[in-house]
Amino acid sequence: MKKLSRKERERVIKRDLIIDAALHVMQSKGFEHATMDEIAEAAEIGKGTLYLYFKSKTALYLAISERGSRLLNDQLGKVLLLELPGISLIEKMGFTYLNFIRESPLYFTAFNYFEHIMNEGKMANTPIMEQCEGHAIEAMTYIVRALQIGMQDGSIKKSFDPKELGVIIWGASKGVMHMAFLKNNANHMKILDDIDFDLQSLVSGFIELLRSGMKNDLKS
């Protein structure tokens with residue numbers, strides 16, 4: 001790995017401080033209402049300096065998504081190294097994801113924002129978009145590998161295609177998280193008022209459902 005010069009190290013530190021400030025402002029005001037002026041003030045830098053690092057609020061939000069997905073992958077990678085049956089690895093990854101989002105909910109909305117930008121074809125082939133997409137691929141690789149381990153050790157049914165099942169888990173988990181966040185939103189569907197759940201109970205139920213569906217009951 002190339003050793004950074006002092007100037008380069010200082011730039012990395014400054015960039016991280018700006019992202020810290022953006023996280024703080026956006027967590028309290030939301031992405032739509034946060035302004036670059038407020039972020040610059042929180043970072044204790046001039047607005048001109050802020051724009052030298054990030055050309056827009058969108059670029060800043062994508063940087064938040066990149067950081068969040070990188071931090072989450074670090075935790076998921078550590079889970080994969082545990083000597084556990086594959087089905088237990090999947091369960092532990094699920095709760096790792098839950099705890100990560102519960103502690104830093106803005107990351108979840110940033111992940112969704114990245115996917116929206118990608119689907120719109122905006123900022124295509126930019127370094128930050130490529131980094132975010134690379135992290136998404138890495139996370140999927142961890143899930144698929146845990147499934148493969150489970151199929152090898154007999155804890156997960158071999159009738160599934162691990163890659164297809166990985167996509168199902170990834171997509172369904174996003175939907176579950178979205179429902180939990182939606183209920184906390186003032187403008188949600190009234191049907192959710194008749195169901196008593198929170199993020200913890202919804203994710204726990206999803207993981208239990210997933211576990212029972214994947215579990216190889218014929219294992220001796």
Fill in the blank from the handout: Filtering segment 113-129 for residues that are within 15 Å of the chain's Cα centre (by Cα) and surrounded by fewer than 14 Cβ atoms within 10 Å (Cβ to Cβ) leaves a count of 1
Problem - Met123 under 24 Å from Gln27 (Cβ atoms) and not in a helix (DSSP H, G or I) - result: yes
Practice task
Confirm whether Val176 is under 19 Å from Tyr97 (Cα atoms), out of contact with any Ser or Thr (no Cβ under 8 Å at 6 or more places or on another chain), outside any strand (DSSP E or B) and at pLDDT 90 or above.
Solution key: no
Problem - Phe31 vs. criteria aromatic (Phe, Trp, Tyr), outside the structural domain of Lys14 (by TED's automatic domain parsing) and at pLDDT below 95 - result: no
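The values are calculated or read from the model by the stated rules, or taken from the named source; none is laboratory data. Predicted model, so just to flag it, every value in this text is computed and none were measured. Virtual Cβ from ideal backbone geometry, glycine too; neighbours counted across all protein chains shown.
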